[in-house]
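Data first, discussion second: the structure below is written as structure tokens.
Rule-based calculations on the coordinates, nothing more; no lab input. This one's a predicted model, so the numbers in the text were calculated from it and none came from an experiment. In this analysis, Cβ positions are derived from the backbone assuming ideal geometry, glycine residues included, and neighbour counts consider all displayed protein chains.
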Amino acid sequence: MQVLFSVAFATLGLVLNISAVIIGAMLIYPLMGMILANGLAFTTGDFILAIGAIINLALSCFVAFAFAFIFVSILPFKELTPEIAARIKPNVLDLVIALFSRAIGSIATCKEEKGVITSIPGVAIAVALMPPFCVVGYGIGVTVRLNLPDGLKIVRGGGLLFLTNLAAITLMAMLVFLAVK
């Protein structure tokens, strides 16, 4: 349910170009636990945890992608808003943001509850995974209904940002867990 609500908020925020709604979607934070579980599993060599976390993450990503695609397909909004455009040209600084924010998130996870409560919202906003993923769904919707080349460009950019953030989050979680271990 969190994945569906996050996708709905993020997609609406993206197509309506409303930053506050996108931030609300970021705060729902549905994928981060699974990614942290992957980082922990890779750090400790726990094969069963890794398989479970990968399956949960893949299933959640599939549900998010499918819902974003369907949602974008039925929405009347098909314009490339500045919020969408900002997520289709990732650069090295996006990777650096993902690395630093995940380091803080992993450290907060290892700390007492007080540290987690104060750090998690900032980490969720800094490295939002759902908006780039919804951009991919938007791109597929544009590809199917309007324009193949433009839609594929949007899919590539959003997908690259999502995968970059995913890899950076997992890597940094592993490094922090190794340092704490």
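Separation between the ARG145 and LEU171 pseudo-spin-labels, each 7 Å from Cα along Cα→Cβ, expressed in nm?
Label-label distance for ARG145 and LEU171, simple model: 3.6 nm.
For THR81, list long-range residues whose amide hydrogen, built 1.01 Å from N in the peptide plane, is under 5 Å from its own amide hydrogen.
none
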